[in-house]
1. Among the residues of the range A:89-98, write down those that are within 8 Å of chain B (Cβ to nearest Cβ) and surrounded by fewer than 21 Cβ atoms within 10 Å (Cβ to Cβ).
2. Any idea which residue in the range B:54-88 is surrounded by the fewest Cβ atoms within 10 Å (Cβ to Cβ), counting only those that are of a type in the set (V, I, T) and under 22 Å from B:C6 (Cβ atoms)?
3. Could you pull out the residue among A:S57, A:S132, A:S37 that is more than 12 Å from chain B (Cβ to nearest Cβ) and either small (G, A, S) or in contact with a helix residue (DSSP H, G or I) (Cβ under 6 Å, 6 or more places away or on another chain) (or both)?
4. When you scan the range A:31-46, do you find a residue that is of a type in the set (D, E) and away from DNA strand C (no atom under 16 Å from the Cβ), even just one?
5. Given the range B:75-132, what helices (runs of 4 or more DSSP H) lie entirely inside it while holding 3 or more residues that are within 16 Å of ligand 1 (Cβ to nearest atom) and not β-branched (V, I, T)?
6. When you scan the range A:47-74, how many residues do you find that are more than 16 Å from A:S132 (Cα to Cα), within 9 Å of DNA strand C (Cβ to nearest atom), touching a residue at least 24 places away in the same chain (Cβ under 8 Å) and in a loop (DSSP other than H, G, I, E, B)?
7. Of the residues A:A40, A:A34, A:A12, which single one is surrounded by 20 or more Cβ atoms within 10 Å (Cβ to Cβ) and part of a helix (DSSP H, G or I)?
8. Under 7 Å between Cβ atoms, which residue pairs at least 6 apart in sequence (or on different chains) link something in the range B:99-126 that is open to solvent by 70 Å² or more (accessible area, probe 1.4 Å) and modelled with pLDDT of 95 or more with a partner that is in a loop (DSSP other than H, G, I, E, B) and of a type in the set (F, W, Y)?
There are 2 protein chains.
Amino acid sequence: MFSKTCEYGLRAVIFIAQQAKTNEKVGINTISEAIDSPQAFTAKILQQLTKNKIIESIKGPYGGFFIDEKRLNKIALSNIVQVLDGDSIYTGCGLGLHQCNDKKPCPLHFKFIEIRENLKKMLENTTLLELSSDKALADYYLKN
Amino acid sequence: MFSKTCEYGLRAVIFIAQQAKTNEKVGINTISEAIDSPQAFTAKILQQLTKNKIIESIKGPYGGFFIDEKRLNKIALSNIVQVLDGDSIYTGCGLGLHQCNDKKPCPLHFKFIEIRENLKKMLENTTLLELSSDKALADYYLKN
DNA sequence: TTAATAAAAGATAAATTCATCTTTTATTAA
DNA sequence: TTAATAAAAGATGAATTTATCTTTTATTAA
Ligand code: FES
Ligand code: FES
């Protein structure tokens, strides 16, 4: 479904969001530990997300990655997927035709766009605020 | 969503199924032309599908790939995806956790399994018979 | 100012996916 | 039987994704 890059990115951002509640910055070491991902690779991904203003970072001692708590409700999972995997998941043909459109649909088109739309809506409607609630923190896991 | 292998495989099998209506065998050349896919690569994919009894093949002059018309309603897209991409799309965690299960769910689990299940059902309920109907042949495209 | 810390940036490497090319095997018709 | 045809099998190569390592830059506290 998503690339490894996107999977790690989503998990990392959710973890950072959960720390935002306590206004804490977290280092790459802590993050990759918490989500069980390759550290250097995860660092590269967070670099991309920083450039794209999804998260923020500060260098040096006491530095790390963080998200302004006030923005938690503005950032949806769709934004992260967009940055890391582009929009092929939202607009691409399920059978790999160069263009997905109603005029020249592939045999799966009308069934496929429904699922694609549901996925899109789900990602758009799921914000970091929701995922960093106390209940979310208690009930869900970022590694296993 | 699907790998290139799976995309080409699905398109190829649908094309072969459409020819089954007229009891015709089709060569790899014709197939890759019809679905706009790399020929040698598609041949490898069809080899796998033949081994897995999704389609049949005969070597030599007047040979080619074909599907017994009577089996068109037995073969669902899920069978093809299973052979080419395995079942990670049906059972894997959306955020890439090693195991997807209700006991230790990722933050996206309950939203994700809904979409995953819809995709699964859609693929299970879509048979080659449906996709090789006259209407399907008239209305849909396998390349663009 | 200096030493320590941590992310950014850049180079490189491993693994996987995507793709092609060559040789072999099976089948057919002449 | 022979030549032609077409898929199977195997080897190899290119591209992309995944991952690591090294150097640089920014920040902090002593
Ligand atoms: S054309 Fe294939 S999904 Fe739209
Ligand atoms: S645990 Fe992530 S989707 Fe089920």
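The values are calculated or read from the model by the stated rules, or taken from the named source; none is laboratory data. Just so it is clear, the structure is predicted and the values come from calculations on it, not from any experiment. Note that each Cβ is placed from the backbone with ideal geometry, even for glycine, and that neighbours are counted across all protein chains shown. Calculation scope for accessible area: heavy atoms of the full protein, side chains included, ligands and nucleic acids excluded. Shrake-Rupley method; radii C 1.70, N 1.55, O 1.52, S 1.80 Å.
1. First, pick out the residues of the range A:89-98 that are within 8 Å of chain B (Cβ to nearest Cβ): A:89, A:92, A:94-98.
Passing the criteria: A:I89, A:G92, A:H98.
2. It comes out as B:V83.
3. Just a single option satisfies the conditions, and that option is A:S57.
4. Taking the range A:31-46 as the starting set, the residues that turn out to be of a type in the set (D, E) are A:33, A:36.
With the extra rule that they be away from DNA strand C (no atom under 16 Å from the Cβ), the set shrinks to A:36.
Yes: one or more hits.
5. Working: elements: B:77-85, B:88-91, B:109-125, B:128-131.
Once the helices (runs of 4 or more DSSP H) in the range B:75-132 are filtered for at least 3 residues that are within 16 Å of ligand 1 (Cβ to nearest atom) and not β-branched (V, I, T), what remains is B:109-125.
6. 2
7. Values: A:A40 fails: surrounded by 20 or more Cβ atoms within 10 Å (Cβ to Cβ); A:A34 fails: surrounded by 20 or more Cβ atoms within 10 Å (Cβ to Cβ).
Exactly one residue qualifies, and that residue is A:A12.
8. Listed by first residue and then by second, the contacts come to B:K104/A:Y141.
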